[in-house]
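The values are calculated or read from the model by the stated rules, or taken from the named source; none is laboratory data. Only a predicted model underlies this, so the values are computations on that prediction, with no experimental measurement involved. A quick note on method: Cβ atoms are made from the backbone with ideal geometry, for glycine too, and the neighbour counts reach across all protein chains shown. Remember, those area values only see protein heavy atoms, side chains included, never the ligands or the DNA or RNA. Shrake-Rupley method; radii C 1.70, N 1.55, O 1.52, S 1.80 Å.
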Amino acid sequence: MYQQLDSDTICAISTPSGVGGIAIIRVSGPEAFNIVDTIWRGRKLSEVTSHTAHLGDIIDPENEEEPLDTAVATVFRAPRSFTGENVVEISVHGSKWIQRELLNLLIRRGCRMAEAGEFTRRAFANGRLDLAQAEAVADVIAASSRSAHRLAASQMRGDFSKHISELRDQLIEIASLLELELDFSEEDVEFASRQHLKNLAEQLLTRISSLVSSFSTGSALKEGVPVAIIGEPNAGKSTLLNLLLNDNRAIVSDIPGTTRDTIEDTMEIDGVLYRFIDTAGIRETADAVENLGIERSYTAISKARIVIWLVTPDMPQERFQTFRKSIAAHLPEGSNLIVAVNKIDTLHSSVCNRPINLVNGDSVGIDSTDDAMKDEKHVNENFTTKTFGVSSMNPSFALFTESTSTTDTPLLYISASTGLNISSLLKQLHRYSGADESGNADLIVTNARHYEALTHAKLSLIRVIDGINTGLSGDFIAQDLRETIHHLSSITGTITTDDLLKTIFERFCIGK
Ligand SMILES: Nc1nc2c(ncn2[C@@H]2O[C@H](COP(=O)(O)OP(=O)(O)OP(=O)(O)O)[C@@H](O)[C@H]2O)c(=O)[nH]1
Ligand SMILES: [Mg+2]
């Protein structure tokens, strides 16, 4: 399908399908200017300077009386264009009929309809982009939050590719040292000691491993950070979901067991796209349907990057401890737990809606009167110390007291119905989202194919180090090194196959 890559001139609509103010039809290939000139009344595009825009009419040569549309043609001469070929971008009025007619005209004059992703594929084939950059074009187009955009844009600029190329160059250096050593082995000349090779390989392994483990952050920021809201029935989970989404998405009622199934929706907050998942309240029940919902609550925990566990001030300590154990058993590795004591507004009903000085939140309406101090003391003593068994001075506790992990879990005091202290919850979510790490976008893997290649590279590099440790013959070590280099090369497309390119570009839309 791509055999005639250089000789065909291709065309496609590059704006979304449907009616819009304007639509852009892109034409790319050696004959782009000549073909468009046959249907263009205006300055001859084959003669104008590159990177200029021109107003003119689209004319069907078989019906010159009736121009199809007045349009703007932007001209890019090879190789200074997105594809590296001659490109004309024609902006027409966005009617479906005009778009269709213009495409028909172009095809009648000798263009071929572009395949999915063919413009970007040509850009890759002509060396305008490497493979990782080409893949990032799709990510930039799909990005729906600041952090996802930042990662994709950095990858499209080539920061990630540069990082991978550096790693690859260093591996090639190790390989050449090893080969030198092999060549001269009989002469007892030591160009590079095995210890030196091993040190280099270990340094690279650390860097590759950290790229591999960055994928969970990278993919979460790209697809939406999964946040499960869990707790007992009536804890206020659906109320919190609605608050976070700023929408009445889930039914809220004081009947325990209102939410039967998981409900999810996305929201961008402070540059991060979150995927909030409201779940069925977890409790012992004989209701078969409710139990199915509860199973899904546990599944949501096991897939979350952040779990918000809502508890209420009246939760007895034994139930808190039992619940805590079952959460600990389902929390995936690397995920973060936030325990939020909800309905904090009910604690000072005596002073009716007056905000209290929260233990660890923003100073939301701090009131230093005696009453407020009493309230705060009340909050601290009752919930922090009695139920959760922690000091009010240090409102976090080790969730995994029974296990070896000593992760401290922050304790927040909120009210989902009044919004009290939600800003603290949002800050904590942001901290756990990994968005701040995305400042070093070149060190974050967002693409599953890159993740897979790096995982393979890591495994073969571990074999290299093992081989050095066990005194394996240099030939075998060199073989594993070559494999590591191969996997890194596949990321930027230094080494590639037709099948791989086909799979990558098929996922693009036509027109990209
Ligand atoms: N006073 C007060 N009431 C709240 C707060 N949050 C939720 N509620 C009330 O608590 C009740 C239960 O709220 P939901 O959001 O439906 O609770 P849920 O955790 O989703 O419950 P299930 O779906 O049954 O598991 C409702 O009557 C809410 O109005 C809060 O911060 N303060
Ligand atoms: Mg609910």
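Below are the figures for this structure:
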read-out: Residue that is least open to solvent (accessible area, probe 1.4 Å) [pool: residues in the range 10-44 that are farther than 23 Å from Thr120 by Cβ and part of a loop (DSSP other than H, G, I, E, B)]; value: Ile39
read-out: Evaluation of Ile294 against (1) within 24 Å of Glu333 (Cβ to Cβ); (2) part of a strand (DSSP E or B); (3) within 16 Å of ligand 2 (Cβ to nearest atom) (one fails), failing number; value: (2)
read-out: Residue check, Leu182 surrounded by fewer than 20 Cβ atoms within 10 Å (Cβ to Cβ), farther than 30 Å from Ala441 by Cβ and either touching a residue at least 60 places away in the same chain (Cβ under 8 Å) or within 16 Å of ligand 1 (Cβ to nearest atom) (or both); value: yes
read-out: Any pair with Cβ under 6 angstrom, 6 or more apart, that starts in the range 246-263 at a residue that is closer than 13 Å to Pro233 by Cα and ends at one that is assigned to a loop (DSSP other than H, G, I, E, B) and open to solvent by 70 Å² or more (accessible area, probe 1.4 Å); value: Thr258/Ile251
read-out: The range 480-500, residues that are of a type in the set (A, V, I, L, M, F, W, C), under 26 Å from the mean Cα position of the chain (by Cα) and open to solvent by less than 10 Å² (accessible area, probe 1.4 Å); value: Leu488, Ile491
read-out: Residue that is within 18 Å of Leu412 (Cβ to Cβ) and open to solvent by 10 Å² or more (accessible area, probe 1.4 Å), where the choices are Glu268, Glu232, Glu223; value: Glu232
read-out: Members of the range 451-468 found to be within 14 Å of Ser210 (Cβ to Cβ) and surrounded by 21 or more Cβ atoms within 10 Å (Cβ to Cβ), listed by number; value: Leu454, Ala457, Leu461
read-out: Single residue of Thr120, Thr83 found to be under 15 Å from Ser14 (Cα atoms) and assigned to a loop (DSSP other than H, G, I, E, B); value: Thr83
read-out: Single residue of the range 208-257 satisfying the filter (of a type in the set (Val, Ile, Thr) and outside any loop (DSSP other than H, G, I, E, B)) that is farthest from Pro313 (Cα to Cα); value: Ile208
read-out: Pick from the range 207-219, criterion open to solvent by less than 10 Å² (accessible area, probe 1.4 Å) and not β-branched (Val, Ile, Thr), ranking: farthest from ligand 2 (Cβ to nearest atom); value: Leu211
read-out: Criterion violated by Ser154 - all others in (1) surrounded by fewer than 18 Cβ atoms within 10 Å (Cβ to Cβ); (2) of a type in the set (Ser, Thr, Tyr); (3) not in a loop (DSSP other than H, G, I, E, B) satisfied; value: (1)
read-out: Matching option when the condition is more than 7 Å from ligand 1 (Cβ to nearest atom) and hydroxyl-bearing (Ser, Thr, Tyr), among Thr239, Thr262, Thr258; value: Thr262
read-out: Given (1) within 16 Å of ligand 1 (Cβ to nearest atom); (2) without any contact (Cβ under 8 Å) to a residue 40 or more places away in the chain, index of the condition Leu200 fails; value: (1)
read-out: Residue match in the range 276-289 (condition: modelled with pLDDT under 95, surrounded by 18 or more Cβ atoms within 10 Å (Cβ to Cβ), more than 14 Å from ligand 2 (Cβ to nearest atom) and more than 30 Å from Arg146 (Cβ to Cβ)); value: no
read-out: Those residues of the range 418-434 which are within 16 Å of the chain's Cα centre (by Cα) and not in a helix (DSSP H, G or I), in sequence order; value: Gly434
read-out: Qualifying residue in the range 443-450 (condition: in a loop (DSSP other than H, G, I, E, B), in contact with a Phe, Trp or Tyr (Cβ under 9 Å, 6 or more places away or on another chain), of a type in the set (Ser, Thr, Tyr) and open to solvent by less than 30 Å² (accessible area, probe 1.4 Å)); value: yes
read-out: Filter result for Leu205 (at pLDDT 95 or above, in a helix (DSSP H, G or I), closer than 23 Å to Val464 by Cα and in the same structural domain as Ala153 (by the TED database)); value: yes
read-out: Residues within the range 74-120 that are under 24 Å from Gly42 (Cα atoms), among the hydroxyl-bearing types (Ser, Thr, Tyr) and surrounded by 16 or more Cβ atoms within 10 Å (Cβ to Cβ), tallied; value: 3
read-out: Number of the exception - Ile277 against (1) away from ligand 1 (no atom under 14 Å from the Cβ); (2) assigned to a strand (DSSP E or B); (3) touching a Pro at 6+ places or on another chain (Cβ under 8 Å); value: (1)
read-out: Boolean, Thr285 is part of a helix (DSSP H, G or I) and assigned by the TED database to the domain that holds Gly236; value: no
read-out: Search result, residues across the range 291-319 that are open to solvent by less than 10 Å² (accessible area, probe 1.4 Å) and not hydrophobic (A, V, I, L, M, F, W, C); value: Gly293, Ser297
read-out: Test: residue in the range 1-8 that is open to solvent by 20 Å² or more (accessible area, probe 1.4 Å) and not in a loop (DSSP other than H, G, I, E, B); value: no
read-out: Enumeration of residues in the range 141-157 that are among the hydrophobic types (A, V, I, L, M, F, W, C), over 10 Å from the mean Cα position of the chain (by Cα) and under 17 Å from Thr217 (Cα atoms); value: Ala153
read-out: Test: residue in the range 228-251 that is within 11 Å of ligand 2 (Cβ to nearest atom), more than 19 Å from Lys343 (Cβ to Cβ) and modelled with pLDDT under 95; value: yes
read-out: For Ser253: the one exception among (1) over 18 Å from Trp309 (Cβ atoms); (2) within 11 Å of ligand 1 (Cβ to nearest atom); (3) open to solvent by 60 Å² or more (accessible area, probe 1.4 Å); value: (3)
